[in-house]
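The values are calculated or read from the model by the stated rules, or taken from the named source; none is laboratory data. Nothing here was measured: the structure is a model prediction, and the numbers come from that model. Cβ: placed from backbone, ideal geometry, glycine included. Neighbour counts: every protein chain shown. All accessible areas refer to the heavy atoms of the entire protein, side chains included, with ligands and DNA or RNA removed. Shrake-Rupley method; radii C 1.70, N 1.55, O 1.52, S 1.80 Å.
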Amino acid sequence: MKLFPLIIILILSTSVGMAADNDLVIVDQATTTAVIVVAGNAGEEENLAARDLAKYIGLMSGAVPAIISSPDAIAEAGKSSTPVFYIGREALKADSSLTDVLKKTGSHKKIIRRDAIVLRRSGNRIYLAGSNDASHYFAVAELLHRWGCRWFMPTEFGECIPDHKRLTIGDLDYSYAPPFEIRTYWISWLGDNSGKEEFQRRNFMTTGRNGFPPTGHAIGKYIKDLGKSAGTLAFTAPETAKHIAAQVDGMYAAGTDFSLSMEDLTYTSPYPGDQKLMRLQWDKYFLRWSVTDPFLQLYNNIAKILRKKHPASKAKIGFLAYANMTIPPVRDMKAEQPLFCQLAPIDIDPIHGMDSLQSPPRQEYKEFLYKWAKVMDGRLAIYDYDQGMLVWRDIPNPSHQAFVQDVKHYRDAGILGINTESRNAIATTFLNLYLRGRLMWNPDADVPALLDDFYTSFYGPAAEPMRDYWNAVFMAWQETIVTEHEFFVAPAIYTPRVLKEMKTHLEQAEILTAALSNKVEPTRNERLYLDRIKFTRMSFDITNMYMGMVKAAATKINYNKAIELGEQALVIREKLTAMNGTFTTYKKMKVEGRGYAWWPGEVKQYRELLQFVNGEQGELIAKLPLEWAFMRDPKNIGIKNKYAAGPVDLTFWNAAHTTYTLDLRKDYRADTWEMLRTDLYMQAQGIRNPDRQSYTGYAWYRTDVVIPDDKAGAELHLRFPGLFNECRLYINGDEVAHREQKDIWWQNDYRFEWDVDVTGKMNAGNNVIALRVNSKHHMAGMFRRPFIYAVK
């Protein structure tokens, strides 16, 4: 069943400047007689609504309306002819018809909460109310938005308040209810929470869980007495459900919500009944059998035991559809009524929307979504990730190009809501959270119009070049064929062309705002325009230097330059963080010193690699070619057909390769050699299946290298500085080394290096090098150019 919000718009007119005959003047030339009425026993959000209405009228116009809450003052205001704002319960008290409007607004059945709002003007009275305490605030936020107030990011940095000498309200009668009951995000990885709750309220988001049960990793503590190792559980064994139910019985009886979510790992089971159910489907994302059918049966068994014993309890039990329980059950199942689920697709393309032809994984996720929605019967929320790149760098990672598609499917599937794991990290997420908030409130919101409004409000005189700047970024993400995540994808998106466009538009913006920096007393908005250009300059420099670092290391094997650029960019990142703690997360996160996955760890890796080419630990003998011949081997016939040393026929490639665009390279013949770069992983260069799924299976790289006569007898090593997958290395047709790797790429050491001792295996003169990779997941091949060195 499709669930749509019901929007009732009779007449709505809020205006500034010249007033029409029927307009109610709120402020004129920094003078107001308006008052704001709020109940003396108002709720927290209701009180905040009144205070923020007064605050932002003052910031817009220079005149702050008085707030009154005593019965006598309220009665006196009701007799006056001056503008009176009635907030929350005082509005419902003053106009009882509003309660019926709120009840009738919206078409979906309430499960946890309803956030309907109503705004109405009657003569000199303006009524602003909602169906609950938080919604009273949303009603005020709606009016402020219509007056032009914006909160694009947390803290004052993202606040855009227009200047109005005259503020009026025309005819006004409006009500609305969003389709989602949960519309929120939380800050993970110890990110800076400054301004978070204010930002959420002002953009119609809920704060906290709002009645949705906990879904944190929890089941481990209830099964530790069963004698099984972590990740092993006899799901459908009757004693398992009885054991867990006994431990949570007290909470359930008391009506306390709790979580039985899986731990942060993958699961299996030796139990015969589970084995049969697991083999109903293979999870290609986690490369193991899916445990959804037996796990959901366990949850149902626990819920049945508890419901039978405590039929009056209203406790809710939360769980995650996560890891190898992400794919919905094969059997036709319904979750028991106390169960609430969060679907958490952690390893499914975070770049594209569900309707994108470039992303079969997202199309598969759409099928998962609708089936889970049917299983959960309205008690399903989405747990997604923004920043979607997970392990990333402090460079822009926009997501609205995907979310604008997905949110409509969430609405159509009857999803209860969305709970996003974010880190703030505005240098990375930028407008993501704002656009999410607006789309969760109204999935049909006009995103291009929201962006147009943003550029003008946020950048002022630099709006046009900043529109072009961010459009270059957004289009790079929207048009990419990449469906993978993490920092390895950055070179495929932030190409030299994109960086050049960004640089040109930023320089134009800086010219347009230069005059503001010379003003002795800039206005509040002018000061903010300058801060935002400064932020954008640092953001660009970090992005540009990071990409320069990657190119120096991966393409040029110039580790000195890579280190220099990396260190310079990290210094700028420090300055960016000092400007506002919400811009990055690494300060509080304190994980960057823990390994090579993080940016300082990447720079550290380049320092270590430098020693093998600068004479400290090794002498550079040869940089292997940037481009190698490449052959897909989906039928595993490469050994039989002597791909390791046989002839490489590039006739077809040389004649036809210009007709194969990046998108169309998926259709290249699998029985014919082509050319591939070694500084970017395979899929990002178009190595995909004809249906656009990531290519998996065997593939071969081939090249030649000349070893000088005086170096052939040296202790030689061939080093692959960036290489995914299990591989076999051949020299002159002979296999000389085999490299083991875990099948799921992100479960390996994040250096992704392979150093092979080839002493005595290479001849003076020409040598044929072949690399056979076996890709079982969705990231494959080389992504840093290899080299040969002599051990010192």
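Assess whether residue 224 counts as being of a type in the set (Lys, Arg), closer than 28 Å to residue 291 by Cα and open to solvent by 20 Å² or more (accessible area, probe 1.4 Å). Steps first, please.
Working: of a type in the set (Lys, Arg): yes; closer than 28 Å to residue 291 by Cα: yes; open to solvent by 20 Å² or more (accessible area, probe 1.4 Å): yes.
Taking the combined requirement at face value, the residue satisfies it.
Can we say residue 495 is without any contact (Cβ under 8 Å) to a residue 24 or more places away in the chain and in contact with a helix residue (DSSP H, G or I) (Cβ under 9 Å, 6 or more places away or on another chain)?
Values: without any contact (Cβ under 8 Å) to a residue 24 or more places away in the chain: yes; in contact with a helix residue (DSSP H, G or I) (Cβ under 9 Å, 6 or more places away or on another chain): yes.
Yes: the conditions hold for residue 495.
Quick one: how many residues across the range 82-114 are hydroxyl-bearing (Ser, Thr, Tyr), farther than 12 Å from residue 126 by Cα and either at pLDDT 95 or above or open to solvent by 50 Å² or more (accessible area, probe 1.4 Å) (or both)?
Filtering the range 82-114 down to residues hydroxyl-bearing (Ser, Thr, Tyr) leaves 82, 86, 96-97, 99, 105, 107.
Next cut, farther than 12 Å from residue 126 by Cα only: 96-97, 99, 105, 107.
Narrowing further to those that are either at pLDDT 95 or above or open to solvent by 50 Å² or more (accessible area, probe 1.4 Å) (or both): 96-97, 99, 107.
The qualifying residues number 4.
Restricted to the range 608-622, and to residues that are part of a strand (DSSP E or B) and either under 13 Å from residue 786 (Cβ atoms) or in contact with a Gly (Cβ under 8 Å, 6 or more places away or on another chain) (or both), which residue is most open to solvent (accessible area, probe 1.4 Å)? Full working, then the answer.
First, pick out the residues of the range 608-622 that are part of a strand (DSSP E or B): 614, 618-622.
After this cut, where a residue has to be either under 13 Å from residue 786 (Cβ atoms) or in contact with a Gly (Cβ under 8 Å, 6 or more places away or on another chain) (or both) as well, the list is 620-622.
On the way: 620: 57, 621: 32, 622: 14 Å².
By that ranking, first place goes to 620.
Answer with yes or no whether residue 180 is crowded, with 21+ Cβ neighbours inside 10 Å, at pLDDT 95 or above, of a type outside the set (S, T, N, Q) and assigned to a loop (DSSP other than H, G, I, E, B). Full working, then the answer.
Details: crowded, with 21+ Cβ neighbours inside 10 Å: yes; at pLDDT 95 or above: yes; of a type outside the set (S, T, N, Q): yes; assigned to a loop (DSSP other than H, G, I, E, B): yes.
So residue 180 passes the test.
What pairs come out if I take residues in the range 623-651 that are on the phi > 0 side of the Ramachandran plot and assigned to a loop (DSSP other than H, G, I, E, B) and pair them with residues that are at pLDDT 95 or above and buried (at least 19 other Cβ atoms within 10 Å of the Cβ) whose C-beta lies under 7 Å away, six or more apart or interchain?
Note: pairs meeting the criteria are 636/698.
Take the residues in the range 459-503 that are part of a helix (DSSP H, G or I) and polar (S, T, N, Q), then tell me which one is nearest to the chain's Cα centre (by Cα).
Taking the range 459-503 and keeping what is part of a helix (DSSP H, G or I), we get 459-479, 487-493, 496-503.
If we keep only those that are polar (S, T, N, Q) as well, we get 471, 478.
Working: 471: 18, 478: 14 Å.
That would be 478.
Can you name the condition, by its number, that residue 363 falls short on among (1) over 11 Å from the mean Cα position of the chain (by Cα); (2) buried (at least 22 other Cβ atoms within 10 Å of the Cβ); (3) of a type in the set (S, T, N, Q)?
(2) is the only condition that residue 363 fails.
What residue, of 774, 748, 767, 763, is open to solvent by less than 10 Å² (accessible area, probe 1.4 Å) and polar (S, T, N, Q)?
Details: 774 fails: open to solvent by less than 10 Å² (accessible area, probe 1.4 Å); 748 fails: open to solvent by less than 10 Å² (accessible area, probe 1.4 Å); 763 fails: open to solvent by less than 10 Å² (accessible area, probe 1.4 Å).
The conditions single out 767.
Confirm whether residue 437 is of a type in the set (Gly, Ala, Ser), assigned to a helix (DSSP H, G or I), farther than 30 Å from residue 784 by Cβ and open to solvent by less than 10 Å² (accessible area, probe 1.4 Å).
Criteria met by residue 437.
Please pick out the residue among 518, 560, 544, 525 that is open to solvent by 30 Å² or more (accessible area, probe 1.4 Å), under 30 Å from residue 62 (Cα atoms) and either in contact (Cβ under 8 Å) with a residue 40 or more places away in the chain or not hydrophobic (A, V, I, L, M, F, W, C) (or both). Spell out the reasoning first.
On the way: 560 fails: under 30 Å from residue 62 (Cα atoms); 544 fails: under 30 Å from residue 62 (Cα atoms); 525 fails: open to solvent by 30 Å² or more (accessible area, probe 1.4 Å).
The match here is 518.
I need a count of the residues in the range 386-434 that are assigned to a loop (DSSP other than H, G, I, E, B), open to solvent by less than 10 Å² (accessible area, probe 1.4 Å), polar (S, T, N, Q) and modelled with pLDDT of 95 or more.
Final tally of qualifying residues: 1.
Do we find a residue being open to solvent by less than 30 Å² (accessible area, probe 1.4 Å), touching a Gly at 6+ places or on another chain (Cβ under 7 Å) and either part of a loop (DSSP other than H, G, I, E, B) or on the phi > 0 side of the Ramachandran plot (or both) anywhere in the range 139-159? Steps first, answer last, please.
So the first thing to find is which residues in the range 139-159 are open to solvent by less than 30 Å² (accessible area, probe 1.4 Å), and the list is 139-145, 147-149, 151-154, 157-159.
Restricting the remaining residues to those that are touching a Gly at 6+ places or on another chain (Cβ under 7 Å) gives 139, 151-152, 154.
In the following step, the residues that additionally are either part of a loop (DSSP other than H, G, I, E, B) or on the phi > 0 side of the Ramachandran plot (or both) were identified as 152, 154.
Looking for residues that are open to solvent by less than 30 Å² (accessible area, probe 1.4 Å), touching a Gly at 6+ places or on another chain (Cβ under 7 Å) and either part of a loop (DSSP other than H, G, I, E, B) or on the phi > 0 side of the Ramachandran plot (or both), one finds at least one in the range 139-159, hence yes.
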